[in-house]
Structures are given as structure tokens and as C-alpha cells.
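The values are calculated or read from the model by the stated rules, or taken from the named source; none is laboratory data. These numbers were taken from a predicted model, which means no experiment stands behind them. Virtual Cβ from ideal backbone geometry, glycine too; neighbours counted across all protein chains shown. Accessible surface is based on the protein model in full, side chains and every heavy atom, while ligands, DNA and RNA are left aside. Shrake-Rupley method; radii C 1.70, N 1.55, O 1.52, S 1.80 Å.
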Amino acid sequence: MTARLPVIFIVGPTAVGKSAVAAALAEKINAEIISCDAMQVYREAGIVSDKPAPLLRARVAHHLIDVVSVKEEFSVARYRALAAAAVADIHARGKVPLITGGSGMYMMVLLDGIFEGAADPVVRAALETEDPAARYAELMRVDPAAAAMIKPGDTRRIVRALEVFRSTGVPISVQQKTRAGFWGQYDVRVFGLERPRAELYRRVEARVEDMFRAGLVAEVRFLLSLPLSSTGARIIGLPEIKGVLDGSYDVDRAKYLIKLHTRHYVKRQMTWFRKDKRVAWLMLGPQEAPGVTADRLVEKLKGS
RNA sequence: GCCGAGAUAGCUCAGCUGGUAGAGCGAAGGACUGAAAAUCCUUGCGUCCCCGGUUCAAUUCCGGGUCUCGGCA
């Protein structure tokens, strides 16, 4: 019986301290890091996407950071293909893939796979101009199972479900049943890092302040000058600072909004990760050094 | 000091002519299969500033008090 190859995940909310812990762990177990982040893939986005510090990236190999331009559309499917290739590559070199990040859907797609139903921009664009009520009625007619799962107000998912049905003739709820990911294929361990909510929020606010000091406004001014893709334009910080640049409000207002939207994001991240029972949680101490956390993880890895 | 306005949910405020109150924001919880740092759903008993009066009944009317804001001094 051949042992399955290892794949380790470190997930958790923004600002919990994942990057430093992952780098410390990678050095202890001969691993390379694969980013699990929907925005750090964009090469022009530096400060806004809060990428791992240059020092960390010099110490440990990081994959799936800076892989596309903000001018390009990106997607989970594309992420999954790139990540799967990176995992195979790292294994081939005898090292351990350490997947680290806070994008819940990206994690899920790696663990459990995704169904084969490519996006169809033409069908999608057509759907977006249609009447919302008629759209939902159509979904209830062609795919009642999906309609039961999707709220009438959730335009995004309704459009996607109909897009899949119209372009393939098969309901999305049927197609979604066929998928497979790393879970079962590799020896997967998933660790979640957490901190008390209040402490997490304080760290978020401090980090936003740091980002402004590091030149966030100038960077965003540059990004906004580019023909951004619809996905690249979603980074928290872009719309908020755009309001400053076009004179709608001042920098303090932008800071407030970025902090607020990041806190909301943290909350959604926690909702996502908490529901996945495969995640083994570690509560971090207020002053706990990354190396200490990494040692705790090494112990847990032995205990499997 | 005088005149005026106001004091209602963590914040900003709604509450026709009396029957113990509701929105937005925030906050908390949840969903999530090719846009996901996105998109969406759920949750509001709070001394209606205090004291007294009128009334079957007052957040709502009357009197007094306290505080806040604006104007005049």
C-alpha cells in the first residue's frame, strides 16, 4: 500500500498572521507555499492585496502570486488548474505543498473539486439584461433543485445557474454533483488559525493604517489608470480610494470604508471556514511568534 | 442671561390630530461549485432625558427641571 502524498492547508481570516506562520512552517518541514488568495494572483496589486513580505518570499518559494495581470479575468477554475499543477510540481521535487490563504471558495474547490461547466460570457451578458423576476421564474422551471438553494435576490447565482443550463442543456444542480478534489487523493491536513474577534479587528485596522503609510493611495491611483478586468477591480481598497481620487470624500472616509469592508470580509471568511469540519483550529496567543505556532503545527502533524 | 430648536435601538434619525415604537447604518449569525476581497439571507423590549399633572390610557398634551445645539447679548 503506497502512502498518499501530503498536502497541508493553512487557512484563516485576513490579518490573523497566516503568511509568517506558513513561511516558518515551510522551513521546518521542507515545504513550498501555494497561495490560496483570489487577489494576490494579480501582479500589479502589491500593497492593496497584502502579499507576503519580500523577506518571506526570499526565504521560501511562493507559488500562485503575481501570475496574472489585473487586466485579465481570473476565476476559481483557473486557480484550481494552476494550483493542481503547482502541487504536482512540488511533489515531483520531493517537497511538501503548503497551501495558505483566506479565500474560502478557492480552498473548497481544491479540496472537493469543481464541475466542468465553463463560463459563457455571451450567455451571461444576455442574462444580465433580462428581467429579474422572469429570470428566477425560468430557474424554477428548468432547475427547481437549484432554485430551492438560491435566494430570489441572489442575482449572481441565478445568472450563473441559467448560464450553465442554457449553454449546456443540463441543470447546474445536476452537474454540481460530479466533482473530485484533493480530499481523498492526497494525505490532506487542514489547519485554521484564529484569534479573538476583537483582536482580529484591531489587527485589521492597524494593517490598513500600515497600507496607507506604505503608499496605498499612489498604488491604487496607478491601478485605476489601467483597463481593469471585472475580477481585478474587486480588490478591497480600489473602489474606496477611487472615491477620494474623484473628490467624493476624504482619505479618512476611505480608511473607514476599507476597515469596515475588511471586517465584513473577515466575518464571511470565518463563516466559511467554521462550517468545514475538516479544519483543525489553533487559537493564537496575542504575542505568539510565528515560529512557535509553526512548532505547534509540527506537533499536530506528527500526531496524525 | 434672553430667544428658538432638540433630547427615541451602539450611531443618524422617523414616529398624522394620545392606545407603551420603526427605518438606515453598525453589530451578530448564516448561505456559498468557473466574478468569491464577490453575491445573497436572517436577527431590533429599547428607563421613547427626569419629576409632576390632565386622561380609562402619554413617547405623543400641559407645567417644571436637567442637558445639547443654534441665534442674540
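For the criterion of being within 14 Å of RNA strand B (Cβ to nearest atom), in contact (Cβ under 8 Å) with a residue 12 or more places away in the chain and assigned to a helix (DSSP H, G or I), A:I236 fails. Scanning the range A:189-244 for residues that are out of contact with any helix residue (DSSP H, G or I) (no Cβ under 8 Å at 6 or more places or on another chain), among the hydrophobic types (A, V, I, L, M, F, W, C) and farther than 30 Å from A:E72 by Cβ returns A:A198, A:A206.
Filtering the range A:244-257 to residues that are surrounded by fewer than 16 Cβ atoms within 10 Å (Cβ to Cβ), part of a helix (DSSP H, G or I) and either away from RNA strand B (no atom under 14 Å from the Cβ) or touching a residue at least 24 places away in the same chain (Cβ under 8 Å) (or both) leaves A:L245, A:V251, A:D252.
Out of A:W272, A:W281, one residue alone is in a helix (DSSP H, G or I), open to solvent by 30 Å² or more (accessible area, probe 1.4 Å), in contact with a Gly (Cβ under 6 Å, 6 or more places away or on another chain) and within 14 Å of RNA strand B (Cβ to nearest atom). It is A:W272.
Of the helices (runs of 4 or more DSSP H) contained entirely in the range A:142-228, those carrying at least 1 residues that are more than 13 Å from RNA strand B (Cβ to nearest atom) and under 21 Å from A:E116 (Cβ atoms) fall at A:155-168. Taken residue by residue, the range A:180-201 has no member that is surrounded by fewer than 15 Cβ atoms within 10 Å (Cβ to Cβ) and polar (S, T, N, Q). Under the condition of being open to solvent by less than 20 Å² (accessible area, probe 1.4 Å) and modelled with pLDDT of 95 or more, the residues counted in the range A:212-231 number 3.
If you check A:D66, A:D89 for being of a type in the set (D, E), assigned to a loop (DSSP other than H, G, I, E, B) and over 16 Å from A:A233 (Cβ atoms), only one passes: A:D66. Checking each residue in the range A:102-131 for being near RNA strand B (Cβ under 8 Å from one of its atoms) and under 18 Å from the mean Cα position of the chain (by Cα) picks out A:G102, A:S103, A:G104, A:M105, A:Y106, A:M108, A:V109, A:D112, A:G113, A:I114. Of the residues making up the range A:133-178, just one is hydroxyl-bearing (S, T, Y), open to solvent by 60 Å² or more (accessible area, probe 1.4 Å) and without any contact (Cβ under 8 Å) to a residue 40 or more places away in the chain, namely A:T155.
Considering only the range A:54-64, I want to know if a residue exists there that is within 27 Å of A:K267 (Cα to Cα), open to solvent by 10 Å² or more (accessible area, probe 1.4 Å) and in contact (Cβ under 8 Å) with a residue 40 or more places away in the chain. No - not one qualifying residue is present in the range A:54-64. Within the range A:205-242, being within 30 Å of A:E288 (Cβ to Cβ) and in contact with a Phe, Trp or Tyr (Cβ under 9 Å, 6 or more places away or on another chain) holds for A:I235, A:I236.
Taking only the range A:23-36 into account, find how many residues are within 15 Å of RNA strand B (Cβ to nearest atom) and either surrounded by fewer than 23 Cβ atoms within 10 Å (Cβ to Cβ) or among the polar types (S, T, N, Q) (or both). Count: 1. A:L82 fulfils the conditions (1) surrounded by fewer than 23 Cβ atoms within 10 Å (Cβ to Cβ); (2) touching a strand residue (DSSP E or B) at 6+ places or on another chain (Cβ under 6 Å) except for a single criterion, (2). Quick one: how many residues across the range A:110-125 are assigned to a helix (DSSP H, G or I) and of a type in the set (D, E, K, R)? Here the count works out to 2.
Quick check: is even one residue across the range A:42-54 hydrophobic (A, V, I, L, M, F, W, C), at pLDDT 95 or above and outside any loop (DSSP other than H, G, I, E, B)? No, the range A:42-54 has no match at all. Figure legend. Inter-residue proximity from the range A:6-30: first residues within 20 Å of A:W183 (Cα to Cα), second residues assigned to a helix (DSSP H, G or I) and aliphatic (A, V, I, L, M), beta-carbon distance below 6 Å, spacing 6+ or different chains. Indicated pairs: A:I10/A:A22; A:V11/A:M107.
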